[in-house]
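The block underneath contains the structure these notes are about, expressed in structure tokens.
What follows is calculated from the coordinates using simple rules that are stated; it is not laboratory data. Note that the coordinates shown come from a computational prediction; the quantities given were computed from them, not determined experimentally.
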Amino acid sequence: MQLTIKTPPTFNFRRTVLSHGWCALLPFELDRERWRLMRVLDRGLSKPATITVSARSRSLAILTSRPLGKRAAAQVVQDQAVAATGWRDKWKQKKPS
């Protein structure tokens, strides 16, 4: 399953991933050759799922290891938007698609 989060024109995925420092901690894994950030989610899901986040033109692509329900997919998008971009204050105003 692929999900997308639109990002502002000034957003830099590499800089954000490295500056936060959590890319070096479990459960994260960073593939620096392909610039993909992976992590396992086990947050109220029926089964854990691995997500892979990568940059696209003005967006983040999130690939899940298995299909997710609508509620779980929305939670993944929200969590990644907040973690990657610091959009917590703006989340209720405008949700990424």
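Listed values, structure above:
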quantity: Derived scalar couplings ³J(HN,Hα) [the stretch 52-57; Karplus, 6.51 cos²θ - 1.76 cosθ + 1.60; whole Hz; x for Gly, Pro]; calculated: 10, 10, 9, 8, 10, 5
quantity: Relative contact order, percent, the stretch 2-85 [alpha-carbon distance under 8 Å, six or more residues apart]; calculated: 33
quantity: Cα-Cα P(r), the stretch 2-85, percent of pairs per 5 Å interval; calculated: 3, 14, 29, 27, 18, 8, 1, 0
